[in-house]
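A quick write-up on the structure given underneath.
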Amino acid sequence: MSSKCILIIDDDQQLSKSFARVLNEEGYEVLMAASGEKGLESLQEHAPDLAVLDIRLPGMDGLKVLQAVQEKCPKLPVVMMTAYDSTETAIEAMKYGAFDYVYKPFEPREMLTTISQALEAGRFMTESVAVDPESESYTEEAIIGRSRKMLEVYKSIGRVSDTDATVLIRGESGTGKELVARAVYQHSQRQNKPFLVINCVAIPETLLESELFGYEKGAFTGAIHRKIGKIEQANKGTVFLDEIGDMPLSIQGKILRLLQERRIERLGGGEAIPVDVRIIAATNRNLEQAVAEGQFRNDLYYRLKVVTITLPPLRERVGDIPLLTRNLLGSFAQKLGKENPGISPDALKRFQDYPWPGNIRELGNVLQKALIFQQGTPIQADDLALDSENADEVEAPQTLEAGVKDWISYQLRSAASEHVFEACLDRFSAMVLEQALNLTSGNRSQAARLLGISRPTLHSKMEKLGISIQSSARDDSAAQHTRD
């Protein structure tokens, strides 16, 4: 997994060096420039994945640098840094296309979160999604399949992409709804404008409104300055509302107003702010049933389904499994630096007989794990760990749950501090991380893939929990010797 490169453009050398050390510890490569002119030169020479730019610079100021960056690299995410007394300038920067802005002095962890979000947005905008039923290009960033239902999906993407119509993508978890949303964006007239993803389930209900619409200074305790929300941040671009079927009713009304009037209000503000964004939404829920049960607004439902793209579950496109398997296996082999071992006919047959409750995401997870442990020969049917087939070999969920509850009760009764909640979570997190590192012989990139997190995130959690490669691998030395 190649590390991401971050360019810091700031004349405060002490701050730049200090923050560069933090970024290096997270696994990022860092470039530094003390002026806007030097920053633009570095941008041309090194093509970083993200720029962190101070608004106040000697010579060419930050806003002019931002405009120059947008002209040269419109899809490069830029995070602006500003002093507390320059809120309006920061908002102006957002209008020029900055991904976000942070106030000096900033908390490193909060800044790292912003950087992670910006890098993800940059990846969504720059990594092309191939829409090709014949594709064998070995990439995860492709919508693949030759089945009749998938051909209908391709047609829908082609018809709707170049319009500004609202799109509702439906399908079970793991069917590729995010890839379809990105394909629609990348083939649209807004392809050089922002593309922001909001997972309506991942963000707590109490934070979702301010995340989407922003807030005014004084809107609540701790709101010490105005904050631009994701909708306003993506002006002229596209917002992908993932899992919209789980959005709280209180926020659904504001999304309806956005679709009807193209206006929003920041939390704590009374001003109607015009915005120009295209909404793409996705859900795995039965929205008709949710409407009937009063859990989803009927008027919003009809506003969303201007164009509906329905992705079939993998069990309904069994004929696509060999092509999907070859593509994913080739992609994972490239990323893990392994030879592609191929897969046996018996393993493919087993894949085609399996119901795939987790769809393509589950298929990818099974292939990654098989590839990590394969010994250079084609993957065989016995190498595959398919969850529902192994149900009898796994401890019954109720037994596991009972054991965990007993352990938690003991911790609560014997807790020597008031931080028992964090202590329990840390204990479980450490066990999961150590086991992943053991299973991958201490390979952090492979462990991160096994866990479904980024390598910098793995680094950060290992540091927080005091886990080292040596300590995590020590307990499994006998098993490692056997594998070798």
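For the range 272-299, the set of residues classified as at negative phi, part of a loop (DSSP other than H, G, I, E, B) and open to solvent by less than 70 Å² (accessible area, probe 1.4 Å) consists of Ala272, Val275, Asp276, Val277, Asn284, Arg285, Phe296, listed by residue number.
Looking across Val65, Val102, one residue alone is modelled with pLDDT under 90 and not charged (D, E, K, R). It is Val102. Only one of the numbered conditions (1) surrounded by fewer than 18 Cβ atoms within 10 Å (Cβ to Cβ); (2) part of a strand (DSSP E or B) is not met by Phe220, and that is (2).
Identify, please: which residue in the range 242-271 is within 15 Å of Thr166 (Cα to Cα) and free of Cβ contacts under 8 Å to residues at least 24 places away in the same chain and is, among those, surrounded by the fewest Cβ atoms within 10 Å (Cβ to Cβ)? That would be Glu261. Cβ separations smaller than 8 Å between residues 6+ apart or across chains give the following pairs from the range 427-455 residues that are under 15 Å from Ser468 (Cβ atoms) to residues that are open to solvent by 60 Å² or more (accessible area, probe 1.4 Å) and among the aliphatic types (A, V, I, L, M): Ala447/Leu439. Identification of helices (runs of 4 or more DSSP H) wholly contained in the range 14-101 with 1 or more residues that are closer than 22 Å to Glu120 by Cα, touching a residue at least 60 places away in the same chain (Cβ under 8 Å) and over 23 Å from the mean Cα position of the chain (by Cα) yields 87-95. Looking only at the range 35-47, decide whether some residue is open to solvent by 10 Å² or more (accessible area, probe 1.4 Å), in contact with a strand residue (DSSP E or B) (Cβ under 6 Å, 6 or more places away or on another chain) and of a type in the set (A, V, I, L, M). Scanning the range 35-47 turns up no residue that is open to solvent by 10 Å² or more (accessible area, probe 1.4 Å), in contact with a strand residue (DSSP E or B) (Cβ under 6 Å, 6 or more places away or on another chain) and of a type in the set (A, V, I, L, M). Whether any residue in the range 198-208 is farther than 22 Å from Ile264 by Cβ and touching a residue at least 24 places away in the same chain (Cβ under 8 Å) is what I want to check. The answer is no; no qualifying residue exists. Scanning the range 302-327 for residues that are out of contact with any Gly (no Cβ under 9 Å at 6 or more places or on another chain), surrounded by 18 or more Cβ atoms within 10 Å (Cβ to Cβ) and not charged (D, E, K, R) yields Leu304, Ile321, Thr325, Asn327. Only one entry of Ile169, Ile115 meets the criterion of being modelled with pLDDT of 90 or more, closer than 24 Å to Glu26 by Cβ, surrounded by 14 or more Cβ atoms within 10 Å (Cβ to Cβ) and not acidic (Asp, Glu), and that entry is Ile115. Which of the residues belonging to the range 212-252 are over 18 Å from Glu178 (Cβ atoms) and charged (D, E, K, R)? The answer is Glu216, Lys217, Arg226, Lys227, Glu232, Lys236. When Val184, Val197, Val201 are checked against the criterion of being among the aliphatic types (A, V, I, L, M), open to solvent by 40 Å² or more (accessible area, probe 1.4 Å), in contact with a helix residue (DSSP H, G or I) (Cβ under 9 Å, 6 or more places away or on another chain) and outside any strand (DSSP E or B), Val201 stands alone in meeting it.
Of all residues in the range 281-293, at least one satisfies being small (Gly, Ala, Ser) and within 24 Å of the chain's Cα centre (by Cα).
Checked against (1) open to solvent by 50 Å² or more (accessible area, probe 1.4 Å); (2) at pLDDT 75 or above; (3) assigned to a loop (DSSP other than H, G, I, E, B), Ala423 meets all criteria but (3).
Of the residues making up the range 188-215, those that are more than 30 Å from Val160 (Cα to Cα) and at pLDDT below 90 number 4.
Taking the criterion of being out of contact with any strand residue (DSSP E or B) (no Cβ under 7 Å at 6 or more places or on another chain) and of a type in the set (A, V, I, L, M, F, W, C), the residues of the range 259-296 that qualify are Leu287, Ala290, Val291, Ala292, Phe296.
Against the criterion of being open to solvent by less than 10 Å² (accessible area, probe 1.4 Å), aliphatic (A, V, I, L, M) and closer than 18 Å to Ser116 by Cα, Val78 qualifies. Might you check whether a residue that is buried (at least 21 other Cβ atoms within 10 Å of the Cβ) and not in a loop (DSSP other than H, G, I, E, B) occurs anywhere in the range 159-166? Checked against the condition, which is being buried (at least 21 other Cβ atoms within 10 Å of the Cβ) and not in a loop (DSSP other than H, G, I, E, B), the range 159-166 yields no hits at all.
The values are calculated or read from the model by the stated rules, or taken from the named source; none is laboratory data. Here the structure is a predicted model, which means the values were calculated and not measured. Every residue, glycine as well, gets a Cβ built from its backbone with ideal geometry; the counts of neighbours run over all protein chains shown. Quick note on the areas: whole protein, heavy atoms, side chains included, nothing else; ligands and nucleic acids left out. Shrake-Rupley method; radii C 1.70, N 1.55, O 1.52, S 1.80 Å.
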